[in-house]
Amino acid sequence: MVSILDLEKYAKENNIPIMQKDGIEFLTQYIKKNKIKNILEIGSAIGYSAIKMALVDDSIKVTTIERDPLRYDIAVSNINKFNLNERINIILDDALNIELNDKYDLIFIDAAKSQYIKFFLKFDKNLNKGGVIVTDNLSFHGLVEDDSKTNNRNTKQLVKKIRKYIEFLKENKGYDTTFYKLGDGVAVSIKSTNIN
Ligand code: SAH
Ligand code: MG
């Protein structure tokens, strides 16, 4: 038997960046309130958020993509332990390499921060009208608001990319985005029903 607490503990001990408590709480409440049924997740890690989302309701189906084979294996094992293998479909691949034909009510972007715009543009066609794209880690430990705390060049580059993504969301006329200062910074972008 494995519990949600076990997954949280494993993630902490192994430095796996799963969603923070208030972030995942917000996301699962959102799914419940809006009766979301079909979810696509980019970035499974060990399956924690996919499992949390699937546990909201028996009728929910999650497709989740992970490119790291080791994390994928752990996620598969965790999904099986929760008996969710019929409701969580996990794919081992780079999300930017695959083509999906299904449509989803909610797409959760929680993978490489440098690729957020690409993920958004690529999977936009897989979102139902009135659907929502949720993005995690837009604060990046507070560095997006204030990057004077780091001198690392790669980190500064990532901060730049996240700021660009935030601008992209704000200017995107096809979506209405709200930014939430919870967890590591979460954006909820609702697809407009007026435009195409
Ligand atoms: N959503 C998870 C945490 C994901 S951590 C949770 O909250 O429980 C981010 C994961 O995205 C990492 O495991 C990383 O390997 C994966 N990832 C990064 N870029 C990716 C890509 N382009 N395609 C698929 N997976 C990716
Ligand atoms: Mg995250």
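Residue-wise, which Karplus ³J(HN,Hα) couplings in Hz belong to region 132-147, taking 6.51 cos²θ - 1.76 cosθ + 1.60, θ = phi - 60°, and x for glycine or proline?
Running phi through 6.51 cos²θ - 1.76 cosθ + 1.60 with θ = phi - 60° gives 9, 10, 9, 10, 9, 6, 7, 9, 6, 6, x, 6, 5, 6, 8, 9 Hz.
How much accessible area per residue does region 4-191 have, counting only protein heavy atoms and a probe of 1.4 Å, in square angstrom?
Working: 9820 Å² over 188 residues.
With all protein chains present, region 4-191 gives 52 Å² per residue.
For SER114, SER148, SER192, write out the residues from largest to smallest accessible area, computed with a 1.4 angstrom probe and no ligands counted. It would help to have the intermediate numbers written out before the result.
On the way: SER114 50, SER148 90, SER192 25 Å².
The ordering from most to least exposed comes out as SER148, SER114, SER192.
Considering all projection directions equally, how large on average is the shadow of the alpha-carbon convex hull of region 1-64, in square nanometres? Don't jump to the answer; show the numbers that get you there.
Numbers: hull surface 17.5 nm².
The Cα convex hull of region 1-64, projected and averaged over all directions, gives 4.4 nm².
Name the lysines eligible as straight-distance cross-link partners of LYS118: C-alpha to C-alpha under 22 Å, and not fewer than 8 places from it in the same chain.
LYS103, LYS129, LYS156, LYS160, LYS161, LYS164, LYS170, LYS173, LYS191
Any idea what the relative contact order of the chain is, in percent, if you count C-alpha pairs under 8 Å spaced at least 6 apart? Numbers along the way, then the final one.
Values: 328 pairs, mean separation 37.7, N = 196.
It comes to 19 percent, rounded to a whole number.
Less than 16 Å apart at the alpha-carbon level, and either on another chain or at least 8 residues along: which aspartates and glutamates does that give for LYS32?
Excluding near neighbours in sequence, the set is ASP22, ASP57, ASP58, ASP105.
What residue among ALA75, ILE24, ILE42 has its Cα farthest toward the positive end of the dipole of region 10-131, where the charges are +1 on Lys, Arg and -1 on Asp, Glu, each on the Cβ?
ILE24
Calculate the spin-label point distance for ASN101 paired with ARG163, positioning each point 7 Å from the Cα along the beta-carbon direction, and give it in nanometres.
4.3
Round to a whole number: what % of the accessible area of the chain belongs to carbon and sulfur, probe 1.4 Å? Let's see the in-between values first.
Details: 5040 of 10590 Å².
Reported share for carbon and sulfur atoms: 48 percent.
Search the structure for amide H atoms under 5 Å from the amide H of GLY131, placed 1.01 Å from N in the peptide plane, and list their residues when 5 or more places away or on another chain.
Answer set, sorted by chain and number: LYS191.
Please report the accessible area of GLU167 (heavy atoms, 1.4 Å probe, ligands and nucleic acids excluded) in Å², nearest 10.
The value for GLU167 is about 80 Å².
Over the Cα atoms of region 56-196, what radius of gyration and what Dmax do you get, in Å?
When restricted to the Cα atoms of region 56-196, Rg and Dmax are 16.3, 47 Å.
The values are calculated or read from the model by the stated rules, or taken from the named source; none is laboratory data. Every value quoted in this text rests on a predicted model; they were computed, and no experiment measured them. Neighbour counts are summed over all protein chains in view; Cβ atoms, including those assigned to glycine, are modelled from backbone coordinates with ideal geometry. Side chains included, ligands, DNA and RNA excluded: accessible areas come from the protein's heavy atoms. Shrake-Rupley method; radii C 1.70, N 1.55, O 1.52, S 1.80 Å.
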